[in-house]
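Working notes for the structure below.
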Ligand code: ISE
């Protein structure tokens with residue numbers, strides 16, 4: 001059986017997903033590609049063998065030949081499109097964040113609860129990244145004892161042109177919010193957000209430094225710097241009572257020359273997390289075949305968005321903002 005995929009959004013991530021699905025994942029075909037820019041949709045459709053092109057995402061969701069949908073359109077469209085997929089009974093992999101508004105996430109959750117089955121996977125691909133997987137397995141085996149702290153830094157060369165307002169907190173940081181709660185298997189109690197005094201806060205993706213407390217009392221700090229200039233760089237460390245687990249980026253080679261050792265940085269997240277995306281998309285397709293959900297759920301999407309929302313409030317008020325989730329539905 002071939003699983004026919006509808007792709008909504010044919011920009012940077014949409015075309016990358018089309019490539020991964022067509023090149024690396026057996027048993028699927030790209031059937032329908034949608035983008036507001038039909039030339040862009042056509043070029044992705046032609047490159048990866050999709051027969052149908054649309055500019056209206058609802059046409060993809062309604063297409064009876066589409067078995068499952070991958071959403072990689074702009075952030076503000078994610079929740080409504082994900083909800084439409086759930087209402088159409090179609091499995092959906094939605095890029096992060098599920099929304100920048102936690103109320104919209106709750107709408108998606110309500111739709112999924114009504115459907116009575118898990119249909120939504122959120123693209124928190126780091127859960128599949130071999131380095132984070134190793135960190136989790138070492139931690140779960142008790143190698144460093146109970147967790148005390150987690151450090152994260154997340155740097156991009158420059159903020160994409162689509163970045164506005166507080167997207168360092170609402171678009172980039174949700175990866176960190178998700179991976180730390182996944183790693184520590186807990187939720188957050190509060191967040192405080194700081195910005196260096198001399199940073200131009202009008203600049204899209206202006207740097208932020210956040211300190212979160214989990215309900216178990218652990219501390220999590222996150223630096224997001226979307227204009228770091230030198231390369232794409234994500235690191236982390238989980239500090240336990242008897243040791244620490246440091247996250248290393250995969251390095252293929254190291255050049256030793258002129259009394260130096262040189263490694264290179266990727267220009268953005270795609271090479272760094274290429275394997276994570278591949279494994280995530282594979283797990284998604286497998287979860288549709290087996291009916292067993294994989295990866296981050298709509299609930300996880302809501303949890304990350306709720307923290308981001310509290311983070312934006314903290315940045316504006318200068319106060320520590322509590323985070324209080326609604327009761328978790330049994331479905332999750
Ligand atoms: C981007 O949207 C991503 O998801 C990347 O993984 C992240 O590193 C980047 O900061 C985001 O803007």
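Just so you know, all these numbers are worked out from the coordinates, no wet-lab data involved. Predicted, not measured: the structure shown is a model, and the values here were computed from it. As a convention, Cβ positions derive from the backbone with ideal geometry for all residues, glycine included, and neighbour counts pool all protein chains shown.
Could you work out which residue, out of 308, 252, 138, moves most in a Gaussian network model of the chain, that is, has the largest mean-square fluctuation with Cα springs under 10 Å? With Cα springs under 10 Å in the chain, the top fluctuation among 308, 252, 138 is at 252. Projected onto its three principal axes, the C-alpha set of the range 217-259 covers 46, 29, 18 Å, listed from the longest axis down. What is the antiparallel percent of DSSP beta bridges lying wholly in the chain, to the nearest 5? If we restrict to bridges inside the chain, about 55 percent are antiparallel.
If you look at the Cα atoms of the range 236-287, you get an Rg and a Dmax of 16.0, 50 Å. Neighbour counts of C-beta atoms inside 10 Å place 282, 125, 167, 58 in the sequence 58, 282, 167, 125, starting with the fewest. Under the criterion of Cα pairs below 8 Å and six or more residues apart, the relative contact order for the range 169-245 equals 24 percent. Taking a ≥ b ≥ c as the square roots of the eigenvalues of the Cα gyration tensor, the range 37-98 is oblate, since a/c reaches 1.5 or more and a/b is not larger than b/c. With springs only between Cα atoms under 10 Å, which of 262, 179, 71 fluctuates most in a Gaussian network model of the chain? In the Gaussian network model the winner is 262.
Viscosity 0.890 mPa s, temperature 25 °C: Stokes-Einstein D of the range 221-332 from its Kirkwood Cα radius, in µm² per second? It diffuses with D of about 134 µm²/s by this estimate.
Tell me whether the range 121-247 comes out rounded, prolate or oblate; compute the Cα gyration tensor, take square roots of the eigenvalues as a ≥ b ≥ c, and use a/c under 1.5 as the rounded threshold. It comes out prolate by the Cα gyration axes. Note on residue 187 and residue 56: the extension gain reaches 43.5 nm, defined as 0.36 nm multiplied by sequence separation minus the Cα-Cα distance. Applying Stokes-Einstein at 37 °C and 0.692 mPa s to the Kirkwood radius of the chain, computed over alpha-carbon pairs, gives a translational diffusion coefficient of 160 µm² s⁻¹. Placing a pseudo-label 7 Å from each Cα along the Cα-to-Cβ vector at residue 241 and residue 262 gives an inter-label distance of 4.7 nm.
Would you please classify the overall shape of the range 84-194 from the alpha carbon gyration tensor, given that a ≥ b ≥ c denote the square roots of the eigenvalues, rounded means a/c under 1.5, and beyond that prolate means a/b larger than b/c while oblate covers the rest? Since a/c reaches 1.5 but b/c is at least a/b, the shape of the range 84-194 is classed as oblate.
For the chain, the relative contact order works out to 19 percent when only alpha carbon pairs closer than 8 Å and six or more residues apart are counted. Structure remark: mean-square fluctuation, Gaussian network model of the chain, C-alpha springs under 10 Å; the largest value among 225, 171, 202 belongs to 202.
Based on DSSP H segments of at least four residues, each scored -39500 (n - 2.57), the chain has a per-residue ellipticity at 222 nm of -11000 deg cm²/dmol.
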